[in-house]
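Each value in this text was obtained by applying a stated rule to the coordinates, not by laboratory testing. All of these numbers come straight from a predicted model, not from anything done at the bench. Don't worry about glycine lacking a Cβ; one is built from the backbone with ideal geometry, like all the others, and counts go over all protein chains shown.
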Amino acid sequence: MEKRILSPYEGFQKQFVASDLDFVIGGGAMGGGKEQPLNALVLTSKGYVKMGDLKEGDYVSTPFDGQSKIIRIYEHKNKDIYRITTTDGRVCECGLSHWWCICDSECDNKKVVDTYTMIKMLNNGDSVFIPIPNEQYFDKKFVFFSPYLLGLLGIVPKRYIYNSLKTRMLVLKGLEKRFCKKDVYIFCEDRIKNRFKELVASLGFATNEYPTLLKDYITISNSSCVQIKSIELLPEKQDTRCIYIDSYQHLYITNDFITTHNTTAAVMSIAEPSLDPKFRSVFLRNNLGDLKSGGGILDEFRNIYGSSIDVIESGDPHVNFPSGARADVTHIADQSREKVLQRFKGRQYDFIYFDEGTGFTWDCFSALFSRNRGQAKWTGKIRMTTNPKRNHWIRTFIDWYIGLDGYIIPQRNGVVRYFYLRGKSVKDVVWGDSKEEVYQRCRAEIDRVLADFNKKHHNRFTYKHVIKSFTFYEGKMSDNKAIMDSNSGYIGSVAMMGGNEAMANLMGNWNVDSDVEAESLIDGEMFTNFVTNDPQVNGDKWITADLADTGTDNFVAIVWNGLHIIDIKIVMHSTPRQNADILKTLAIEHNIADSHIIFDAIRAVYINDYLPDALPFISNSYPRGVYARQFAKLKDECFMRVVEAFKRRYLSIESHILDLKYTHQLLKTDITIENELKEETMVVAFKDMPSGKKALLTKKEMNAKLGQGRSMDLIDPIAMRFLPLLNYPYGRELLGGGFIEEEPMYEGNDSVNIFDETFWA
């Protein structure tokens, strides 16, 4: 008989296998990052910044979707460093696990791989291309001399390269006038040539270089990608950093404008218990194909136990152990409680494993929970591995372990708690730090259950038998040594999920959900543009207020200059008089007329008693603007304005406001403005009415999507801001206040054409 020594890896796998608790969930982050030396340069809206100088919360430039926020930074000591050189002379340095977006020569078939994978491709003779970043945005900087004149003189300071688009284009026109003949730029000095290439790269173009002994000839390429020329290992190791950013593809721009994502533990958990011939276990998936396909549960059994076990694939798949122990491997298609109980009637399992826990309903889980008792010595155990998903019962079940930002609280990872199921809903689970605490919280229910059991079993059972122990272990991809050693490119495969799905799987964020993202009209990229946008000001100041009084929501007042949020006031449990005083104070502080105060009149019609000129917002009244025929109510019309403003980058906010914290009435804890705003915008969605008009989801429906008992605190007063702007077409809301840009915002007549079908919906 084949003998094997099973040794789980340190970290998550060892914790998961060794635990003797009743119920253990493992999941969360898979891990991974972007590994570069501390002196590597990372592009921001202000220009290049050293990797070592970046902080969590900083914004960096991305190749395809503007600016993105750094969510996490990971430090790595003493790593091998590789120098990557492209055919047009771009150079950067990174570690072996650094991610890259690569493509074919036509810039199609994009995928994310690590440096290791690229080296293997080059060694195999494959050509490797990386997409060229789009035209980059930089903060506008004051310049002392004419950009065109400096270009004409062949003088290109860094300040002029990392500046507004208008400044860069004027420099390029000057260079073209001086150095270009028939679309070919001719340079005799490397200094001017290199600055020219840097400028062109910032505009989203590559170059082709043809050097000669005395002169270098350069053309601007129409290609949207550039080829990797070489990857060289540097002689000295360096400390590196991995940064994880909140963007669609999680890529950023480094030097020279170069674009740079566990069932095993469960199978090992039954190794010792399976020495008992009475031991019975079941491994569950919600998909039949996953059981038998490559990399499925049956393959895991073969890989771990080898020929010592007998794997039966046909009919009812299962695994037989030499002792006589058995592990069933099955799927559950119909997860209704009745069907599950019927299917597993009469069966008892010492060990139940749910693979990909988010594929199972609460009804299915709770039904099988009642079948978790067998005849073996090691019995009554449930194990589950899962990836994060916001709108799922697992998220509610493990809520104590998760912070407001959606990430696992490090101090609570692996902490043991106790629970009792006293109802049919996951919200009926009673928690405590000890079995005694749980018992005191639901003593009557437990005593009734025990009374029935003890009649038949001579008072053998106490409350300790029905209250279960539990913990949650955060799993990371970096803990999975097998995958890291054999398939480092797997990180890239996960990263290509993009959006919230990649954020959940790679970083373990439980506040995101790809299903919600697909339905939402305001995505992560739009929100990032909002928080990094130039101030959308025009001198037209307003105050919008959502008044909660003694309800469960907060009083929220937002101060505006144009469509730029300049101040915000949030108060708990305020009285009508206090609400009016707050609004008066804000109006005086910001020099705003009472007639420019908009308030929620559904709840607070009394405001006009204190501020007669204030403008009431009656959310359920008829729509009234340019696109009124498209919507059922005024609130629907204003919220669609919010969506369009996000799309068109016509909203902005003072950066210091984003970090402000307030106490959420329902969460009973502090939360940042940025985090709450991002959460609320993500759940904004509409439904089509039988009349053909659009209606916003009800507040109750959107609150349900938020989860955790949260409420839409901040988005309502943002929607109110568009009440006086409803007669302006989308994208032209700032016209009334003399908003000035470098170039006109639009072309044509300001008036509305009644023959435009969008006017009549």
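For PHE631, the residues 5 or more places off, or on other chains, whose built amide H falls under 5 Å of its own are LYS694. FRET efficiency for ARG649 and ASP80, Cβ-Cβ distance as r, R0 = 41 Å, nearest 0.05? After rounding to 0.05, the efficiency reads 0.50.
Stretched out straight at 0.36 nm per residue, the stretch from THR672 to VAL571 would grow longer than its current Cα-Cα span by 34.9 nm.
For ARG448 and LYS345 in one chain, what is 0.36 nm times their gap in residues minus the Cα-Cα distance, to one decimal in nm?
Length gained, ARG448 through LYS345: 34.7 nm.
Test of understanding: what is the full-extension gain from ASP108 to LEU122, defined as 0.36 nm times their sequence separation minus their Cα-Cα distance?
3.2 nm
Taking the fewest neighbouring Cβ atoms within 10 Å as the starting point, the ordered list for ARG422, ARG443 is ARG443, ARG422. The chymotrypsin sites (Phe, Trp or Tyr not before Pro) of segment 570-672 include none that meets both conditions, a loop assignment by DSSP and at most 10 other Cβ atoms within 10 Å of the site Cβ. When each of ILE161, ILE618 is scored by the number of other beta-carbon atoms lying within 10 Å, the sequence from fewest to most is ILE618, ILE161. With R₀ fixed at 51 Å, the C-beta to C-beta distance from SER230 to PHE144 puts the FRET efficiency at about 0.80.
Extending 7 Å from the Cα toward the beta-carbon at both ASN620 and VAL415 defines two label points whose distance is 4.3 nm. Placing a pseudo-label 7 Å from each Cα along the Cα-to-Cβ vector at SER221 and LYS158 gives an inter-label distance of 2.6 nm.
Modelled spin labels at ARG373 and LEU735, positioned 7 Å past Cα toward Cβ, are 7.4 nm from each other.
Note on LYS687, LYS110, LYS79: ascending count of other Cβ atoms within 10 Å places them as LYS687, LYS110, LYS79, the fewest first. Projecting the Cα atoms of ASN675, ILE558, ASN620 onto the charge dipole of segment 520-737 (Cβ charges, centred on the Cα centre) puts ASN620 farthest toward the positive pole. Dipole size of segment 147-221 about its Cα centre, with +1 on Lys/Arg Cβ and -1 on Asp/Glu Cβ: approximately 280 debye, rounded to the nearest 20.
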